[in-house]
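Shown next, in structure tokens, is the structure this report addresses.
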Amino acid sequence: MRSMRNWVAVVLMSGASLGWSQAVTPGATTQAQIGLVDLLTPKDVAAQGAEQLERAKASASGSSVATLAKYPGHYTMITARAKSGGAEVHANFSDFLIVVDGEGTELTGGTVVDPKEGENGETRGVRLEGATAHSLHKGDILHITAGTPHQAIEAPGQTITIFVIKVQKPAVEGSVAAK
């Protein structure tokens with residue numbers, strides 16, 4: 001985990017000369033081949049994050065989110081918080097949270113209090129009980145598997161900006177046979 005965190009920190013802080021890139025497996029179909037390549041520099045991510053943070057500060061909910069791009073099976077977002085949020089569960093998407101700026105706490109697990117089922121496998125609730133707290137800081141990465149309850153907590157005066165990669169859960173879980 002530490003090496004992944006260090007890698008993301010290097011990518012986020014390297015300056016405009018270092019852009020986001022993707023590894024390509026030889027012989028694999030790449031996004032370039034299907035016309036879905038995007039390049040985000042740290043400057044791009046910081047600008048998008050700053051815009052969302054200003055919106056979050058002006059919002060009664062204390063949060064703001066923008067979808068950046070949608071791809072087959074996943075999409076990217078920038079989200080910012082100036083206040084704590086309610087509990088949520090995404091039945092169909094795992095989240096990779098990459099902290100761009102600020103700090104906060106993400107609760108995971110536990111039980112959703114007063115859950116309300118929504119569309120597309122989304123559940124929202126008042127808060128979590130019995131959850132595990134994860135202190136988040138710039139450069140940290142948190143992976144939340146589909147179906148895991150979670151909740152963002154911001155102490156007074158705290159703000160956090162996060163680059164999110166949402167990965168769709170396969171319709172049918174595959175298994176790999178042992179050789």
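Taken together, the values in this text are just the output of simple stated rules run on the coordinates, not laboratory data. Here the structure is a predicted model, which is why all the values come from computation and not from measurement. Ideal geometry is used to build each Cβ from the backbone, glycine not excepted, and the neighbour counts take in all protein chains shown.
Dipole orientation for the stretch 69-168: of the candidates Pro149, Val112, Ile78, Ile78 has the Cα lying most toward the positive pole (charges on Cβ; Lys, Arg +1; Asp, Glu -1). Amide H to amide H, with H built 1.01 Å from N, Leu136 comes under 5 Å of Gly104, Thr105, Glu106, counting only residues 5 or more places away or on other chains.
Structure shown: which of Lys83/Lys166; Lys116/Lys138; Lys70/Lys166; Lys57/Lys166; Lys83/Lys169 lie over 20 Å apart, alpha-carbon to alpha-carbon? Over 20 Å apart, Cα to Cα: Lys83/Lys166; Lys116/Lys138; Lys57/Lys166; Lys83/Lys169.
Between Ser135 and Ala171, the FRET efficiency from the beta-carbon distance, with R0 = 30 Å, is close to 0.30.
Magnitude of the charge dipole for the stretch 43-168, about its Cα centre and with charges confined to Cβ atoms of Lys, Arg (+1) and Asp, Glu (-1), is about 180 debye.
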